[in-house]
Amino acid sequence: MKQLLKLTAAALAAVAIPAIAQVSVTEPWARATVPAAKSSGAFMRLQSKQDARLVGVRSPVADVAELHRMSMENNRMMMAPVAAIDLPAGKPVELASGGYHVMLMGLKRQLKEGESVPLTLVVEAKDGKRTDVEVQVPVRPLTYSPHAAH
């Protein structure tokens, strides 16, 4: 009977261990907008402790929030939504101008320098389990460049 109880306790403990990828977010920022603008971008560095994927994003400041990628094709800069961004274990992934980033479209209001806007990142672990990562993203000036800040 003790053996059965130990096995049951071990099984329950294994089930209770979260299989969620732990993701850290550093250096988040969003670009300020002029009053009539309907879109902006958000940028950050992500690092996951386990292999995972960023599969979605949402924000109450925009009607639509999407993961996008900017790339060069036939000497033209192209931007398109992507379904997911891989987060390899232990490796930083940059969401930056000119590459992967978050697009906020259908803005409900102007994004003003000095405020913060909430973003929810949806991360999917290898086992398919999803978790939300809440981020407060500082709004930087229209002319802000993270490279100039260093």
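The values are calculated or read from the model by the stated rules, or taken from the named source; none is laboratory data. Remember, predicted model here, so these are calculated numbers, not experimental data. With ideal geometry, Cβ positions are generated from the backbone for all residues, glycine too; neighbour counts draw on all protein chains shown. Remember, those area values only see protein heavy atoms, side chains included, never the ligands or the DNA or RNA. Shrake-Rupley method; radii C 1.70, N 1.55, O 1.52, S 1.80 Å.
The table below gives the values:
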read-out	value
Nearest-10 value in Å² for the accessible area of Tyr100, using the 1.4 Å probe	80
Highest to lowest packing among 54-61, 111-118, scored as the average C-beta count within 10 Å	54-61, 111-118
Percent carbon-and-sulfur accessible area, the range 33-106, ignoring ligands, DNA and RNA, probe 1.4 Å	52
Average accessible surface area per residue within the range 95-150, 1.4 Å rolling probe, Å²	56
Surface per residue (accessible, 1.4 Å probe) for the range 26-76, Å²	54
